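What follows is one structure encoded as structure tokens, with my remarks underneath.
The values are calculated or read from the model by the stated rules, or taken from the named source; none is laboratory data. Computed from a predicted structure; not experimentally measured. Counting neighbours? That spans all protein chains shown, and the Cβs are built from the backbone with ideal geometry, glycine included. Just so you know, the surface numbers come from the protein's heavy atoms only, side chains and all, with ligands and any DNA or RNA stripped out. Shrake-Rupley method; radii C 1.70, N 1.55, O 1.52, S 1.80 Å.
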Amino acid sequence: MTPLDSTAVHRDSWLPPMPLIGAKILELRKRTVLMTVTVAFTVALPVVFYGIRLIYHLSDPTHYGPAGDPGALATAGTLMSEFGFIVAVAFGATAATGDLSDGMFRHLVITGRSRIALYLARIPAGLALLLSLAAVGCTLAALATAYLGSPHSPGAPAPSAGALAGAGLWLELYLIVGFTVGHGLAALMGQRTVPVILLVVLQIIITPALADHALPHLVNVERLFVGVAMDQLQPSLLAGPHIGPTGGKFQLPPMPTWAMATVIAGWIIGWSAIGAWKSATRDA
């Protein structure tokens, strides 16, 4: 095979090979500030939260319940999901624009590597780091609930292992949405700051406002926002003040499961496709 033929093979192969994914993982791991912030809000956050609750309980058990009371999991879940979403968006935006900001995009294109392969390689690389750290945080929260929750408060029995696992999977899905949407939007815009701001405003301000008010004749439009679908999919164990399948403070009528799955999958696939298209057509 001639060098020209070899280059053509690389250009035509849009699926990222494992060595390329591994290289992207190493690139992200070397971003010290990004990794430090991610660890702080995925692993350290539940440690600090339950540590403070434990100190309060040990100092005054009469007024402060057990550190791992099941009711505390809703608060911990809210903190982990809100801060985790912001970190996931920033992680995705950084992964999408790393080659551009480092001046490496033109060099990688010249080598003949498929632009779509370069784009797609960042998704499993980023999610491998982000979700593994989030899994550690979810495990710590589950262990605190299981072993620091005695004696249980009246009417708050210990959650089952299945319920804890479901809560952890929902949190992981929440981060996947944040990462992939942030990744696609940052690839489209060619920068990371504005996409992070836009998605934080969307999720923290606009989505709760939409979910709290059922606008006449526009309910189905409100349901198209991924944050609304994620809130309605939220397990009751984490629901707290959110929507949740058992109801809550939000007034938007519940969505069927298939509709929630369609909206979430649509945002993940749609923004990934938009980012891939922009990467394929961007000027080197």
_I'm checking my understanding of the structure. Among residues of segment 48-69 that are open to solvent by 80 Å² or more (accessible area, probe 1.4 Å) and either outside any loop (DSSP other than H, G, I, E, B) or in contact with an Asp or Glu (Cβ under 7 Å, 6 or more places away or on another chain) (or both), which one is nearest to PHE85 (Cα to Cα)?_
VAL48
*Could you grab me the full set of residues in segment 183-216 that are part of a helix (DSSP H, G or I), open to solvent by 70 Å² or more (accessible area, probe 1.4 Å) and either hydroxyl-bearing (Ser, Thr, Tyr) or within 30 Å of ARG282 (Cα to Cα) (or both)?*
MET189, THR193, ILE197, LEU198
*What tally of residues in segment 217-229 results from selecting those that are of a type in the set (A, V, I, L, M, F, W, C) and open to solvent by less than 70 Å² (accessible area, probe 1.4 Å)?*
5
*asked:* Residue under question is LEU175, and the condition is that it be under 20 Å from TRP267 (Cα atoms), open to solvent by 30 Å² or more (accessible area, probe 1.4 Å) and part of a helix (DSSP H, G or I); does it hold?
replied: no
*Scan segment 217-227 residue by residue and report those that are of a type in the set (A, V, I, L, M, F, W, C), over 20 Å from GLY178 (Cβ atoms) and not in a loop (DSSP other than H, G, I, E, B).*
VAL219, VAL221
*Within segment 233-246, identify whether any single residue is under 26 Å from THR75 (Cβ atoms), touching an Asp or Glu at 6+ places or on another chain (Cβ under 7 Å) and either modelled with pLDDT of 90 or more or not aliphatic (A, V, I, L, M) (or both), and answer yes or no.*
yes
*Taking segment 8-26 as the region of interest, how many residues are modelled with pLDDT under 90, open to solvent by 50 Å² or more (accessible area, probe 1.4 Å) and not basic (Lys, Arg)?*
8
